[in-house]
Amino acid sequence: MTPVIQLAGGLAAEKESAEVTDWAARIGWLVGLALFVALIYWLMREGWKWRGTLQSDLPELPDAPDDLGAAKLTMSGRYHGSTTAGQWLDRIVAHGLGTRSRVELTLTDAGLDVVRPGATDFFIPAGALREAVLGKGIAGKVLTEGGLLLVTWEHGDRLIDSGFRSDHAAEHNEWVDAINSMINKTNTTNTTDKTETEGAR
């Protein structure tokens with residue numbers, strides 16, 4: 001047998017050997033990977049439940065009044081979550097506030113109505129609004145500068161930041177101006193009422 005034929009035969013045998021697959025090892029590796037992913041998912045779920053338990057002192061979210069009044073502004077977009085005010089990684093999950101979803105916002109003199117298809121709706125009374133600013137991140141979601149409308153509001157004894165993104169980000173500035181104007185108006189009214197009450201004593 002010539003060396004060329006021997007070489008060709010050796011290459012053919014090596015090729016056939018390479019096609020043999022160790023299925024037991026591959027299946028074991030896939031099962032191990034699936035178990036690892038399942039463990040990570042379970043730990044995340046338990047962490048979410050534990051965080052919800054820690055936040056069980058948060059009161060139930062207020063419902064919108066029957067008569068909201070005329071809409072000042074409306075927005076369609078996404079709700080990206082809520083955190084403790086000033087701490088953008090301290091996610092609040094109690095009462096469904098941690099669930100990201102589509103959102104329909106309506107701002108009226110009564111407050112901010114947050115309607116979330118597939119998630120819990122809530123209402124922020126005008127008197128609970130504290131500030132509106134433009135931001136870029138909340139609870140693990142990072143966007144471009146000014147890509148997020150952050151609304152700070154008071155619920156129970158806690159200040160909360162809630163993040164919203166409009167389908168048309170150019171609307172954010174108008175919302176910041178409108179909400180802050182409402183807050184200033186409410187604060188001025190409350191100060192005037194308090195002064196008049198004290199003066200009448």
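The values are calculated or read from the model by the stated rules, or taken from the named source; none is laboratory data. Since the structure is predicted, the reported quantities are computational estimates derived from the model, not experimental observations. All Cβ positions, even for glycine, are placed from backbone atoms using ideal geometry, and neighbour counts span all protein chains on display. Protein only, heavy atoms only, side chains kept; ligands, DNA and RNA dropped before computing areas. Shrake-Rupley method; radii C 1.70, N 1.55, O 1.52, S 1.80 Å.
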- Message: Of everything in the stretch 59-92, what is under 20 Å from Gly140 (Cβ atoms) and open to solvent by less than 90 Å² (accessible area, probe 1.4 Å)? Give them in sequence order.
- Response: Gly77, Tyr79, His80, Gly81, Ser82, Thr83, Thr84, Ala85, Gly86, Asp90, Arg91, Ile92
- Message: For the list (1) open to solvent by 10 Å² or more (accessible area, probe 1.4 Å); (2) of a type in the set (Gly, Ala, Ser); (3) modelled with pLDDT under 90; (4) in contact with a strand residue (DSSP E or B) (Cβ under 8 Å, 6 or more places away or on another chain), I need the number of the one condition that Gly156 fails.
- Response: (4)
- Message: For the stretch 35-47, check the following and say yes or no: at least one residue is modelled with pLDDT of 90 or more, open to solvent by 90 Å² or more (accessible area, probe 1.4 Å) and more than 23 Å from the chain's Cα centre (by Cα).
- Response: no
- Can you tell me which residue within the stretch 59-91, out of those that are part of a loop (DSSP other than H, G, I, E, B) and in contact with a Gly (Cβ under 6 Å, 6 or more places away or on another chain), is nearest to His168 (Cα to Cα)? Trp88
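From the list Arg102, Arg116, Arg130, which residue is open to solvent by 50 Å² or more (accessible area, probe 1.4 Å) and under 19 Å from Ser76 (Cα atoms)?
The conditions single out Arg102.
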- Being at pLDDT 95 or above, within 13 Å of the chain's Cα centre (by Cα) and either under 20 Å from Gly156 (Cβ atoms) or of a type in the set (A, V, I, L, M) (or both) is the filter here, so list the residues in the stretch 99-113 that pass it. Val103
- All but one of (1) aliphatic (A, V, I, L, M); (2) within 19 Å of Ala71 (Cα to Cα); (3) open to solvent by 10 Å² or more (accessible area, probe 1.4 Å); (4) touching a His at 6+ places or on another chain (Cβ under 9 Å) hold for Ile124; which doesn't? (3)
